[in-house]
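Each value in this text was obtained by applying a stated rule to the coordinates, not by laboratory testing. Given the structure is predicted, the values throughout are model-derived calculations rather than measurements. Every residue, glycine among them, receives a Cβ derived from its backbone with ideal geometry; neighbour counts consider all protein chains shown.
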Amino acid sequence: MFFERIYDESLAQASYIVGCQAKGVAIVIDPKRDIDTYLEVADRNNLQITKVTETHIHADFLSGSRELAAVTGAALYLSDEGGADWQYEFDHIGLKDGDIIEVGNLTLAVMHAPGHTPESVSFLLTDHPASALPIMVFTGDFVFVGDIGRPDLLEKAAGWKGTSVIGAKQMFHSLQRFLELPDYVQLWPGHGAGSSCGKALGSVPSSTVGYERIRNWALLQVDEEKFVAELLEGQPEAPTYFAMMKKLNKTVRPLLVEIPQIPLLTPAQFVAYQGAGAIVIDTRAKELFLNGHLAGALNIQLKRSFATWAGWTIPYNRPLILIAESEQVEELIRLLMRIGLDEVVGYISEITELGLPLQSTPAVSMEDVKAVQGDPSVQLIDVRNAVEYEAGHIPGARHIMWGKMEAGIPLLNSDQETVVYCQSGDRATIASSVLRRNGFENVKIYTGSMADWRAKGQEVE
């Protein structure tokens, strides 16, 4: 048997290629959209990808299942569970609980596991030449290492009212079935630490049913009512782009089977695109951005969280221009296409060559923040997540989560001095660029943010 885990650190998302070497065939589970990774793995190991499948309709990334099937000719196997509202709207081979997918001498048994979503399934793998007993379970967003999938995304991200409690109850009963699996079965989940699909995911890539039985809080809970309450409490904010992912992963959409080649723009092209409504994404380090940036540019640094930050911030109906070094462009395009942001029209590397005036955003220190605490003429804004804010914030700070800053602008006075902070400065810089883009001239950023405030022993509310 061949097995390889492919992990996208930017979205903490795992996909898998499982093959039968005796027959030279393989299946890919939950592929990301830049599919060349799987083609290279298959070619290197003399395997033909003949089948592609998913554990559910994903909300946090744009699946590459259809791209991979189109390029390889593989059969596409997808869940037909969950009822009429949760069906994929394009051609596929439907899966029901108990169905078997054959991959050479391997089989994957389908286990319907509603809770995270109504149609969610897991795959129980058996390597028949080795044993008649199952050896692995691919759980998608059902069971993680140390946690389970959240059931509130359909309500919070996609607007399906009343589905959170229903999903939590379904999850409780699905877990009872999971607990019937043998302890030795290896657990391979769809996400790791850092994903927004749970609140306490472990950083270890895999586990076993037996280990999760004794250490996963959800599998230790025996009271359904308490389980539901604990599962729904304290879940992180659902990124705004999740609703778009749910739609694009369910319906017919344009396929992108190769990494697009993005041109270096001339100054005239840049001005033309910006005049036509293109959004400028400045991917440079926050220190460089604050010292000098183009009017209207959003600062989303090329860091591990770039894709998630972009999904929170960038609309899907506008062309995009990147400010980045040429050697960074392909990585950025991959990150953006994984969440369906395909409208990148070009990039520039040197903003000074455009001949346009630059703005700067002042950085302030802890002492500066202390000096304006309680000053009614200054808006001190904590832009961290709600859970972070409630756990402790600078006294007097208001809360507007960074990813919702655009929506929160009506709550602020654009004529007042505004100071923003987060945990270490990255999200605050995004928020400051959103404010500047929307006409706030007197914006400052506490770059040390909460980490610096706490380190210097300051009072926390």
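Below are the figures for this structure:
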item	result
3J(HN,Hα) from dihedral phi, region 113-119, Karplus parametrisation 6.51/-1.76/1.60, rounded to Hz, x for glycine, proline	9, x, x, 4, 9, x, 9
Among the listed pairs Lys250/Lys404; Lys247/Lys404; Lys51/Lys161; Lys156/Lys456, those beyond 32 Å (Cα-Cα)	Lys51/Lys161; Lys156/Lys456
Cα lying deepest toward the dipole's positive end in region 267-359, options Phe306, Ile321, Leu358, charges on Cβ	Phe306
Relative contact order (%) - criterion: Cα under 8 Å, at least six apart; region: region 363-455	33 percent
For region 1-66 and region 414-431, distance of Cα centres in Å	40 Å
Theoretical FRET efficiency, 1/(1+(r/R0)^6), r = Cβ-Cβ of Val222 and Glu390, R0 30 Å, to 0.05	0.55
Filtered GluC sites (Glu not before Pro), region 346-395: DSSP coil and at most 15 other beta carbons within 10 Å	Glu350
In order through region 240-253: 3J(HN,Hα) via Karplus (6.51 cos²θ - 1.76 cosθ + 1.60), integer Hz, x for Gly, Pro	4, 6, 4, 4, 5, 5, 4, 5, 5, 7, 9, 10, 6, 8
Total formal charge among the other residues, if their Cβ is under 15 angstrom from that of Ala451, Lys/Arg +1 and Asp/Glu -1	+1
Region 334-379-region 127-144 distance, computed between alpha-carbon centres (Å)	46 Å
DSSP beta bridges in region 2-250 [antiparallel fraction, %, rounded to 5]	65 percent
For region 380-419, alpha-carbon Rg over 2.2 N^0.38 Å	1.14
Fewest-first ranking of Tyr316, Tyr184, using other Cβ atoms within 10 Å as the exposure measure	Tyr184, Tyr316
Nearest-0.05 FRET efficiency for Asn317 and Ala75, computed from C-beta distance (R0 35 Å)	0.55
The chain - Kirkwood radius from inverse mean 1/r over Cα pairs (Å)	23.6 Å
Hydrodynamic radius (Kirkwood) for region 2-250, which is based on Cα pairs only, to one decimal in Å	18.0 Å
Table column - 3J(HN,Hα) (Hz), region 259-265, Karplus curve with 6.51, -1.76, 1.60, x for Gly and Pro	6, x, 9, 9, x, 7, 7
Antiparallel DSSP beta bridges within the chain, as percent of all bridges there, nearest 5	45 percent
Ratio Rg/Rh, restricted to region 364-450 and using Cα atoms, in which Rh is the Kirkwood radius	0.91
In region 91-182, the GluC sites (Glu not before Pro) that fall in loop regions by DSSP, at most 14 other Cβ within 10 Å	Glu180
Separation of the Ala455 and Arg304 label points, Cα + 7 Å toward Cβ, nm	1.8 nm
Whole-number percent relative contact order across the chain, with pairs defined as alpha carbons under 8 Å at least 6 apart	12 percent
Net charge of neighbours whose Cβ lies under 13 Å from the Cβ of Val222, counting Lys and Arg as +1 and Asp and Glu as -1	-2
MRE, 222 nm, helices only [DSSP H, n ≥ 4, -39500 (n - 2.57), over the chain, to nearest 500]	-7500 deg cm²/dmol
Residue-span extension gain [Ala272 to Gln416] - 0.36 nm each, minus C-alpha spacing	48.6 nm
Neighbour-count ranking [beta-carbon atoms within 10 angstrom, fewest first] of Phe227, Phe138, Phe90	Phe90, Phe227, Phe138
Those trypsin sites (Lys or Arg not before Pro) in region 24-103 that DSSP places in a loop and that have at most 14 other beta carbons within 10 Å	Lys96
Shape category assigned to region 4-138 from the gyration tensor of Cα positions, a/c cut at 1.5	oblate
Ratio of the Cα radius of gyration of region 267-359 to 2.2 N^0.38 Å, where N counts its residues	0.99
Under 14 Å, Cβ to Cβ, from Asn46 - net charge with Lys/Arg +1 and Asp/Glu -1	-1
